[in-house]
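Notes follow the structure.
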Amino acid sequence: MTQRRVIITGAGSGIGLASAQAFLERGDDVVLAGRTLSKLKLAREGFAADGLLAGSGSCELATVDVSDPDSVKSLFAQRADVVVANAGVCRQARLDDDNADEVWREAMDINLNGVYFVVKEAARDMAAGGSIVTVSSNLGKNARAGYEAYTASKHAVLGLTKCVALELADRKIRVNAVCPGWVNTPMARADAAITAAQLGVETEQFKRDAVAGIPMGRMVEAREVAVLIRWLASDEASAITGQAYNVACGEFFN
């Protein structure tokens, strides 16, 4: 099994953290990239405690602001074989909210521009057989009132993914996206608390009501997204590029 260098942005928690674990289990060298070094250190300590660093794979830490192209260039000073463009934010703002413009700019800077900068730098020196996986969302294919910025940015990530997949196909580099539904992550839990407060209900009641609307009756676990990402980066998926995979416990969207 070939050992690869894997860079994951937003690796301090949620899907990024679970993806790092999945690639370390494979024996890859993983770079945990994020804005907060303390979170990355805790992640690496957890992996060490679980014995994931006792084998052939290694775990490096790198601070990065994906919205800053110079910061992203520094992240890719060494070539990567696999890149997971996962860093993102989720904030709500309706058109008439006082902070609507601020939320829009932040979503575009991180969720869209950040993915673009990461993909651009990853592709620069990536060898044939490399793989890039972007993390979009079910709202990359769907919509929800008050999530204009997040939804628009995640729709755009899918367009970017498709274009780059065609651009890099002749170099034998594959580019795919995952579109998670409601995933049990710190970001999703924080968003649920905000929505519950807006509706005037308890957070746990809101979550129960939301889960009741999911056909499988539960949230997606970050691990379930991570193993899909790992598979898309594997040789078993060597004929797949330009695709966007739903992982949503039966929630249907295009």
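All of the numbers you see were taken from the coordinates with simple rules; none came from a lab. Keep in mind that this is a model prediction, so the values were computed, not measured. Don't worry about glycine lacking a Cβ; one is built from the backbone with ideal geometry, like all the others, and counts go over all protein chains shown.
Key figures for this structure:
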{"quantity": "Selection from F47, N184, V211 lying farthest towards where the dipole of the chain points positive, charges on Cβ", "calculated": "F47"}
{"quantity": "Footprinting exposure proxy for D29, D170, D101 (fewest neighbouring C-beta atoms within 10 Å first)", "calculated": "D170, D101, D29"}
{"quantity": "Signed unit charges on C-beta, dipole axis of the stretch 153-245, positive-most listed residue G200, Q243, I173", "calculated": "I173"}
{"quantity": "Charged-residue dipole, Cβ positions (Lys, Arg, Asp, Glu), the chain about Cα centre, Debye nearest 20", "calculated": "520"}
{"quantity": "V89/D50 FRET efficiency (R0 35 Å; Cβ-Cβ; nearest 0.05)", "calculated": "0.80"}
{"quantity": "Structure-derived Cα extents along the principal axes in Å - corresponding label in (i) 52, 40, 33; (ii) 59, 39, 34; (iii) 47, 38, 34", "calculated": "(i)"}
{"quantity": "Label-point gap, in nm, between A212 and V227 - each point 7 angstrom along Cα→Cβ", "calculated": "3.0"}
{"quantity": "Computed over the stretch 1-145: relative contact order in percent, which uses C-alpha pairs under 8 Å that are six or more apart", "calculated": "24"}
{"quantity": "Estimated FRET transfer efficiency when R0 is 22 angstrom, pair E167-A143 (beta carbons, to 0.05)", "calculated": "0.20"}
{"quantity": "Principal-axis tilt of helix 14-26 within the chain, Cα atoms, nearest 10 degrees", "calculated": "30"}
{"quantity": "Derived scalar couplings ³J(HN,Hα) [the stretch 77-87; Karplus, 6.51 cos²θ - 1.76 cosθ + 1.60; whole Hz; x for Gly, Pro]", "calculated": "4, 10, 5, 10, 8, 9, 10, 10, 8, 10, 4"}
{"quantity": "The chain - mean residue ellipticity at 222 nm from DSSP helices (-39,500 (n - 2.57) per run, n ≥ 4, rounded to 500)", "calculated": "-13500 deg cm²/dmol"}
{"quantity": "Contour minus Cα-Cα distance for D97 and E60 (0.36 nm per residue)", "calculated": "9.3 nm"}
{"quantity": "Degrees, to the nearest 10: 148-168 long Cα axis against longest axis of the chain", "calculated": "30"}
{"quantity": "On Cα atoms only, tilt of 186-199 relative to the major axis of the chain in degrees", "calculated": "10"}
{"quantity": "Rel. contact order, % - alpha carbon contacts under 8 angstrom, at least six apart, the chain", "calculated": "20"}
{"quantity": "Förster radius 22 Å - calculated FRET efficiency between R105 and L199, Cβ distance, rounded to 0.05", "calculated": "0.25"}
{"quantity": "Packing-based exposure ordering (other Cβ within 10 Å, fewest first) of C179, C59", "calculated": "C59, C179"}
